[in-house]
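The values are calculated or read from the model by the stated rules, or taken from the named source; none is laboratory data. Keep in mind the model is a prediction, meaning the values are calculated, not measured. Virtual Cβ from ideal backbone geometry, glycine too; neighbours counted across all protein chains shown. Ligands, DNA and RNA are stripped out before the accessible areas are found, and what is left, the full protein with its side chains, is counted by its heavy atoms. Shrake-Rupley method; radii C 1.70, N 1.55, O 1.52, S 1.80 Å.
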Amino acid sequence: MLKSKASRFLAAHLPLIRTKVKSVLMIIAGTTASKLGQIRQSLYDKTDGIECMNALDSSGVCTWDEAVSGMVDIRVVSHGTSFAPAAGTGKTSISDDQGVAASNGHSGQQLGSSRRFSLWGALFSNTFSSLVHSLLTTSFHSVHARVVSTLRTSLARAPPFEYMLPHEAHRNALRIATDLDASLRKVSDDAHELLVHAEEREESERRLRQSLYVQTCEIMGRLLNELRRMLLVKQKEEDAIKELIVGRLCHLLKFRLASLPNLLDPKSSPAVLTGLGGGKSTGMISLMELSSSFDLADDDDDGLISIEEAMEAMESAFSGTHFHGAEMVRDTLLLSTSQSG
């Protein structure tokens, strides 16, 4: 009876504590990744570190695992934590509030049968994963905004086409591409410094690679859409200038972004990582299915569709899944509901 009540109490209150922890961490998220990494390591050391566990086990009364097994029903308490067993499997499901979820794979198989109750897993592990995902989203949006702003400034300050020097256009485009590459690398390095630590290296590395892959796809897709929209705005005296500068930039984006091969490693895609973990790619569609939806939306076969048609194509492509295609388009293009309507 006491074990049942204690388990229900913890199951009810741990989510509230996690929410409070996340809100506090979000307040201090403006600090450097190094500082957040130190906070994370300190929390781990105090809840699940070797010295902490040795101190608990050397009490002379019983070990931590013995105390927990006598007072806590792991199946009840572990729901929604980083050590909750996935339904129908003996593996561990690692997820966060942003939907980055997959099975553990080999590490999950090792821990599935002997996984103990962990304060770190119950309170902080998923919280930091969610925090990193939120910080990545903000950072990538900031990188996109800086690139577009710099490009628009370059276009506005460009001389008339007859006075435009090709090497100057190349130099300006190269600076934009180089700054973008450095920004992408810094976002990745900061995220690794915050999330990837020795005690959870395999799992945290997998989750981070997946999140970086998804958000890099988003920022590059958003940037390419922005470049195409710039060229679609017809202003005769500026068309040639824009085509020259934007064309140079597109060429450099393809060949000079050294960080992309690592960030967009096919092995880091959600579909591949989920498959390696033994899970099902719920909501995933093939490239052919996505392409077919857009081909149907392009009635005149000119390779261009409106935003409304893009939303309809995405809704059609992801019909039958839990994803909302129109919302994906709005989020990717940073459109509000009123703008898209």
Considering residues of the stretch 282-315 that are open to solvent by 90 Å² or more (accessible area, probe 1.4 Å), in contact (Cβ under 8 Å) with a residue 12 or more places away in the chain and within 24 Å of the chain's Cα centre (by Cα) only, the residue farthest from ARG228 (Cα to Cα): THR282
State whether the residues of the stretch 190-202 include one that is at pLDDT 80 or above, surrounded by fewer than 17 Cβ atoms within 10 Å (Cβ to Cβ), of a type in the set (D, E, K, R) and assigned to a helix (DSSP H, G or I). no
For the stretch 277-289, indicate whether the set of residues that are of a type outside the set (S, T, N, Q), over 28 Å from VAL147 (Cβ atoms) and modelled with pLDDT of 85 or more is non-empty. no
Name the single residue, out of those in the stretch 242-276 being among the aliphatic types (A, V, I, L, M) and at pLDDT below 80, that is farthest from PRO166 (Cα to Cα). LEU276
Just a yes or no: is a residue in the stretch 41-52 at pLDDT below 75, exposed (fewer than 15 other Cβ atoms within 10 Å of the Cβ) and small (Gly, Ala, Ser)? no
Filter the stretch 127-162 down to the residues that are more than 18 Å from the chain's Cα centre (by Cα) and open to solvent by less than 20 Å² (accessible area, probe 1.4 Å) and list them by number. VAL147, VAL148, LEU151, SER154
So, first residue farther than 30 Å from SER142 by Cβ and in a helix (DSSP H, G or I) in the stretch 161-180, second residue open to solvent by less than 60 Å² (accessible area, probe 1.4 Å) and at pLDDT below 85, Cβ within less than 7 Å, six or more apart or across chains; the pairs are PHE161/ALA240; PHE161/ILE241
Just wondering, is there one or more residues in the stretch 167-174 that are closer than 26 Å to LEU223 by Cα, open to solvent by 20 Å² or more (accessible area, probe 1.4 Å) and of a type in the set (D, E, K, R)? yes
